[in-house]
Structure formats: C-alpha cells, structure tokens
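J.: Below you'll find the structure I mean.
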Amino acid sequence: MHEMHLYEYAVIRIVPSIEREEFFNAGLIMFCKREKFLKAKYYLDPNKFRLFPTELDIESLKKQLQIFDTPDPDKESSNLIQSMDVVERFRWLTAVRSTCIQTSRPHSGLTSDPEKTFELLFTELVM
C-alpha cells in the first residue's frame, strides 16, 4: 500500500466583472508539505473569456497570471519567495491581491502521488 500524504489546493479564478459576481476557473495551485511538492498551472480559455461582459484585456490577464509561475532564482524580487518553504509559498500565492484574479479557499485531501492528483484536479476543475 502506498503512503498517503496530506495536500492542499486552491482554484485560480478569473472574475471578469466584480459587480456581476461571476467567475470561471482558470488554474490550480497545490502543495504537499511532506513531499515538498508545490505546483501551479493555469489556462485562460479565450472561449470562456468571451462569454462574460468585461472591459478586461485577455493579454493583460495572461501577464498577471504569471505571478503563479515558479519564481526565477536569478531575479532579485523572487529571492524572498524562493527562500520560503512550500507551505509559505502556497499561502503567499493564495493571498488576496487582485479583484479580477482570485483564488478559492484552500481545500485538502490525501494522495500517494501529488503529481497525478494535481493533473486530475486540473483537468476536472479547470479544463
């Protein structure tokens, strides 16, 4: 039997119009402390985006979503983030900082394979 590990994840959401309180899922962030696993992935579906009345620019949103990319250790601004453990980085990434890009509250589960679980959740919740 495979050893099970606790993990947490949050869904990355796009909120095209705050006033309408509508959103669609655009990504996933997941971490597993014991496995030192932290991964974020996003996909901004242009077809979903067009369904919502908004003044947001899709290219600008794509650039803003890059905050979830793995920090570049050569960039000074990312050194602080790189020095954090996976739990601190997950909390930093899921902190509220935008009205148009938000994350869900964290959810938890058990997995023996964080990578496989991440891909299953991404497919189910985002794609």
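The values are calculated or read from the model by the stated rules, or taken from the named source; none is laboratory data. Since we're looking at a predicted model, the values are computed, not measured. Cβ atoms come from the backbone with ideal geometry, glycine included; neighbour counts cover every protein chain shown. All accessible areas refer to the heavy atoms of the entire protein, side chains included, with ligands and DNA or RNA removed. Shrake-Rupley method; radii C 1.70, N 1.55, O 1.52, S 1.80 Å.
J.: For a quick check: with amide H placed at 1.01 Å from N, whose amide H comes under 5 Å from GLU22's, ignoring anything fewer than 5 positions away on the same chain?
T.: SER17
J.: Right, next: Do any trypsin sites (Lys or Arg not before Pro) in the stretch 1-51 lie in a loop, going by DSSP, with at most 13 other beta-carbon atoms within 10 Å of their beta carbon, and if so which?
T.: On the way: sites: ARG13, ARG20, LYS33, ARG34, LYS36, LYS39, LYS41, LYS48, ARG50; in loops: LYS33, ARG34, LYS36.
Those that pass, being in a loop and sparsely packed, are ARG34, LYS36.
J.: I've got another one for you. Using the heavy atoms of the protein chains and a 1.4 angstrom probe, tell me the accessible area per residue for the chain in square angstrom. Present the calculation step by step, with values, prior to reporting the outcome.
T.: On the way: 8160 Å² over 127 residues.
That works out to 64 Å² for each residue.
J.: For the chain, with all protein chains present and a 1.4 Å probe, just round the carbon and sulfur fraction of the accessible area to a whole percent.
T.: Values: 4100 of 8160 Å².
Answer for the chain: carbon and sulfur cover 50 percent of the accessible area.
J.: Could you tell me, in Å, what Rg and Dmax come out for the Cα atoms of the chain?
T.: Gyration radius and largest Cα-Cα distance of the chain: 15.3, 52 Å.
J.: Quick check on the chain: helices-only [θ] at 222 nm, where DSSP H runs of length 4 and up contribute -39,500 (n - 2.57) each and the sum goes over total residues. Nearest 500, please. Let's see the in-between values first.
T.: On the way: 5 runs with 41 residues, N = 127.
Calculated from helices alone, the mean residue ellipticity at 222 nm is -9000 deg cm²/dmol.
J.: Report the longest stretch of the chain that contains none of the GluC sites (Glu not before Pro) sitting in a DSSP loop with at most 11 other Cβ atoms within 10 Å.
T.: The longest such stretch corresponds to 56-127.
J.: Per-residue HN-Hα couplings for the stretch 44-55, Karplus 6.51 cos²θ - 1.76 cosθ + 1.60 at θ = phi - 60°, whole Hz, x for Gly and Pro?
T.: Coupling constants for the stretch 44-55: 9, 6, x, 5, 5, 4, 5, 6, 10, x, 7, 9 Hz.
J.: Note the full-extension length gain between VAL96 and MET84 as 0.36 nm times their separation in residues minus their Cα-Cα distance, in nm to one decimal. Kindly include the intermediate steps, with their values, before the conclusion.
T.: On the way: separation 12, 0.36 × 12 = 4.32 nm, distance 1.81 nm.
Net length gain for the segment: 2.5 nm.
J.: While we're here: Along the Cα→Cβ direction, 7 angstrom out, place labels at GLU124 and ASP57. What is the inter-label distance in nm?
T.: Label at GLU124, label at ASP57, 3.8 nm between them.
J.: Can you give me the relative contact order of the chain as a percent, contacts being Cα pairs under 8 Å and 6 or more apart? Walk me through the intermediate numbers first.
T.: Numbers: 187 pairs, mean separation 48.3, N = 127.
Relative contact order for the chain comes out at 38 percent.
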